[in-house]
Amino acid sequence: MNALTLIIASALILMLAYRFYGAFISAKVLALDSNVPTPAMRMEDGKDYVPTNKWVVFGHHFAAIAGAGPLVGPVLAAQFGYLPGALWILIGAVLGGAVHDAVVLFASVRYNGKSLSDIAKEEVGPITGFITGIAILFIITITMAGLAMVIVNALYQNSWGVFTISMTIPIAVFVGIYMHKLRPGKLGEASVIGVALILLAVALGPVIKNSPLAFLFFYDSKTLELILPIYGFIAAALPVWILLAPRDYLSSYMKIGTITALALGIVFVHPQLQMPAFTQFVNGGGPIINGKVWPFLFITIACGAVSGFHALIASGTTPKMLKNEGDIKLIGYGGMIMEAFVAMMALIAATVLAPGDYFAINTSPAIFAHLGMQIKDLPILSQMVGENVAGRPGGAVSLAVGMAHIFSSIPGLKGLMAYWYQFAIMFEALFILTTIDAGTRVARYIAQDFLGLVFKPIRTSKSVVLSIVLSAFVSFAWGYLLYGGDIATIWPIFGVSNQLLATLALAIGSNMILRRSQKISYTLTTFLPMLFMGITSTVAGYLTIVNTYIPKHQTLPAVLAGLMIILAVIIVFDSIRKLFRTHSSIVKGLIPKVAAK
């Protein structure tokens, strides 16, 4: 199949879905009302609640939800062939993910920008609200470990890549100081300087790699597994304007530019997909994902189809910036549709590689030797990029090789494949580090909230010592998972936890929709995806525990996965109980239709 065919078909399906189903969700199910003042308008404080142009909010929301997930998940799922992943991205995003994001954003707007756990407390009950908070803390911790593992597998023994990524830290700090101290308000100047310095860091990579300084950036995997949590601790403890904010800002430029370039490259080159539509691993036994296509495809591709992590953004900063409730269609539903397109391009970048090359990159040499596959272009590709790319699982390297292969196929650019490869590695790692920055900080906030339940003054404390202690605690938590695991053990628990969080958000949204609309048909728009995600994620979690964690005596991942399943079951049953009670009250005429809260 030609990649251009898949790109065009995907674009048309996603645009039609936004035009019709997105409009139905917005106008009928949620009944968006542009006349209802948003929290940003009613509670403007110049700090957290700030009315913002809808396109700026869209950019912020999209950059926050479209981190590394839509890039890595589809690449790993290519093990099953290109068709299962492509179908799930399109169907999941249209009927599940985009609805999930829009509903949670709407709920948070109507609840003054409150978090998902606070919304759960209001819509379902205090028990569900408390347990949802615990579930969120789990998912953030596991997410940090899973994404950090992707960086480790991409950067170990890669002095060029480590140098480039390391340089983005002082560059981000410099840009932060430039915008806040040296030249306040000169955003354009800071942008040009920051992007130029990052591109210079990529260009200087081969110079450093071949210099006596190379050893300073040449690390094994275990060393990187120690460095990354330390970095997460520092990033979470520093004031937000020094590192987090400027890194997010610079990352948005890199993401938009790289994805646009990849799309144009696919259109220009229109390569053939070398991976078959289905592989023999759809029935299980795969070297990357051991289980069958159901349920494991649906927890491997999360961001890009359905992702619970999005609920944290949709009930976090975004609702506090929204100027007009009517923009929820663009930002909530439309942002997820855009992310699905990014995921599709990542899937294409992986499947244009020969199957043998793809599996040689994403498995260890020992495992690949038992697959009976022949490599095709891998030695040439390794030579062209200047790195041995075999045996680097996690998705990041195969995606970078696929992207570089597409770019280098453009006439006149073949000799630059090493630069394309390192740029792609930097692009992926930069976004993962951005997620680690923000995620570790959010985990710190949640931990502080839980301590506040024991001693109330802690919840509003601005103590620097407390921030440092909690930053160290959450960094140690995900660092422990990272150091003791690998992509085969961490990614499944990340996928299960993430999709269970989406299940919880859809369950909470179902209660809100039924209470407001009093129509079962409208409630099904979130209830049916909730059932599918709940059953799929629970089965995947159970199979992962009994078939992977217990046989390998991996107690901690098994316990965490089991706890997430238990928490999800409690919340879903509590939500369904509340749904039946609400429906019964509606039938009896005890609940009037709610126009606005």
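The values are calculated or read from the model by the stated rules, or taken from the named source; none is laboratory data. Source: prediction; values computed, not measured. Counting neighbours? That spans all protein chains shown, and the Cβs are built from the backbone with ideal geometry, glycine included. Only protein heavy atoms, including side chains, enter the accessible area calculation; ligands, DNA and RNA are left aside. Shrake-Rupley method; radii C 1.70, N 1.55, O 1.52, S 1.80 Å.
Being under 15 Å from the mean Cα position of the chain (by Cα), assigned to a helix (DSSP H, G or I) and crowded, with 22+ Cβ neighbours inside 10 Å: is that true of residue 135 here? So residue 135 fails the test. Against the conditions (1) charged (D, E, K, R); (2) part of a helix (DSSP H, G or I); (3) under 23 Å from residue 202 (Cβ atoms), residue 387 satisfies every one except (2). Within segment 380-424, the set of residues being open to solvent by 60 Å² or more (accessible area, probe 1.4 Å), under 24 Å from residue 168 (Cβ atoms) and among the hydrophobic types (A, V, I, L, M, F, W, C) comprises 416, 420. The set of residues from segment 35-55 being open to solvent by 60 Å² or more (accessible area, probe 1.4 Å), assigned to a loop (DSSP other than H, G, I, E, B), more than 27 Å from residue 517 (Cα to Cα) and touching a helix residue (DSSP H, G or I) at 6+ places or on another chain (Cβ under 9 Å) comprises just one member, 48. When we screen 302, 346 for residues that are in contact with a helix residue (DSSP H, G or I) (Cβ under 7 Å, 6 or more places away or on another chain), assigned to a loop (DSSP other than H, G, I, E, B) and under 28 Å from residue 443 (Cβ atoms), the only hit is 302.
Just one residue in the set 95, 32 is touching a residue at least 24 places away in the same chain (Cβ under 8 Å), surrounded by fewer than 24 Cβ atoms within 10 Å (Cβ to Cβ), in contact with a Ser or Thr (Cβ under 6 Å, 6 or more places away or on another chain) and under 23 Å from residue 123 (Cα atoms); that residue is 32. Does residue 12 satisfy the condition of being more than 20 Å from the chain's Cα centre (by Cα), buried (at least 18 other Cβ atoms within 10 Å of the Cβ) and among the aliphatic types (A, V, I, L, M)? Taking the combined requirement at face value, the residue does not satisfy it.
For segment 205-225, residues that are among the hydrophobic types (A, V, I, L, M, F, W, C) and exposed (fewer than 13 other Cβ atoms within 10 Å of the Cβ) total 2.
The condition of being part of a helix (DSSP H, G or I) and either modelled with pLDDT of 90 or more or within 25 Å of residue 362 (Cα to Cα) (or both) holds for only one of 62, 24, 58, that being 24. Per the listing 394, 332, the residue uniquely under 18 Å from the mean Cα position of the chain (by Cα) and modelled with pLDDT of 90 or more is 332. With the structure loaded, tell me whether residue 289 is within 30 Å of residue 4 (Cβ to Cβ) and either in contact (Cβ under 8 Å) with a residue 12 or more places away in the chain or open to solvent by 30 Å² or more (accessible area, probe 1.4 Å) (or both) or whether it fails that test. Criteria met by residue 289. For first residues located in segment 104-122 and in contact (Cβ under 8 Å) with a residue 40 or more places away in the chain and under 8 Å from residue 319 (Cβ atoms), partners that are small (Gly, Ala, Ser) and open to solvent by 20 Å² or more (accessible area, probe 1.4 Å) and lie 6+ apart or on another chain with Cβ distances below 9 Å form the pairs 108/115.
The residues of segment 575-585 that are open to solvent by 30 Å² or more (accessible area, probe 1.4 Å) and not hydroxyl-bearing (Ser, Thr, Tyr), listed by number, are 576, 577, 578, 580, 581, 583. Can you say whether residue 475 is farther than 18 Å from residue 548 by Cα, open to solvent by 10 Å² or more (accessible area, probe 1.4 Å) and among the hydroxyl-bearing types (Ser, Thr, Tyr), as far as the supplied structure shows? Judged against the criteria, residue 475 is not a match.
So is residue 295 assigned to a helix (DSSP H, G or I) and under 30 Å from residue 38 (Cβ atoms) or not? No, not satisfied.
Of all the numbered requirements in (1) within 24 Å of residue 399 (Cβ to Cβ); (2) over 21 Å from the mean Cα position of the chain (by Cα), residue 182 misses one, and that requirement is (1). Within segment 536-576, the residues that satisfy the criterion of being free of Cβ contacts under 8 Å to residues at least 24 places away in the same chain and part of a helix (DSSP H, G or I) are 542, 545, 546, 555, 558, 559, 562, 566, 573. Taking first residues from segment 165-190 that are more than 23 Å from residue 206 (Cβ to Cβ) and partners that are surrounded by fewer than 20 Cβ atoms within 10 Å (Cβ to Cβ) and β-branched (Val, Ile, Thr), the Cβ contacts under 6 Å between residues at least 6 apart in sequence or on separate chains come to 173/242; 176/242. When segment 442-481 is filtered for residues that are under 23 Å from residue 311 (Cα atoms) and of a type in the set (D, E, K, R), the ones remaining, listed by number, are 444, 449, 459.
All conditions in (1) at pLDDT below 75; (2) among the hydrophobic types (A, V, I, L, M, F, W, C); (3) within 18 Å of residue 498 (Cα to Cα); (4) open to solvent by less than 20 Å² (accessible area, probe 1.4 Å) hold for residue 442, with the sole exception of (4).
Is it fair to say residue 372 is in contact with a Pro (Cβ under 6 Å, 6 or more places away or on another chain) and either assigned to a loop (DSSP other than H, G, I, E, B) or open to solvent by less than 10 Å² (accessible area, probe 1.4 Å) (or both)?
Details: in contact with a Pro (Cβ under 6 Å, 6 or more places away or on another chain): no; either assigned to a loop (DSSP other than H, G, I, E, B) or open to solvent by less than 10 Å² (accessible area, probe 1.4 Å) (or both): yes.
Answer is no for this residue.
Among the residues of segment 532-557, those identified as open to solvent by 20 Å² or more (accessible area, probe 1.4 Å), at pLDDT below 95 and not β-branched (Val, Ile, Thr) are 542, 543, 547, 551, 552, 553, 554, 556, 557.
Picking from residues in segment 558-571 that are open to solvent by 30 Å² or more (accessible area, probe 1.4 Å) and out of contact with any Phe, Trp or Tyr (no Cβ under 8 Å at 6 or more places or on another chain), the one that is farthest from residue 146 (Cα to Cα) is 570.
I'd like to check something: does segment 360-368 contain any residue that is part of a helix (DSSP H, G or I), more than 23 Å from the chain's Cα centre (by Cα) and crowded, with 24+ Cβ neighbours inside 10 Å? Within segment 360-368 (the criterion being part of a helix (DSSP H, G or I), more than 23 Å from the chain's Cα centre (by Cα) and crowded, with 24+ Cβ neighbours inside 10 Å), the answer is yes, since at least one residue qualifies.
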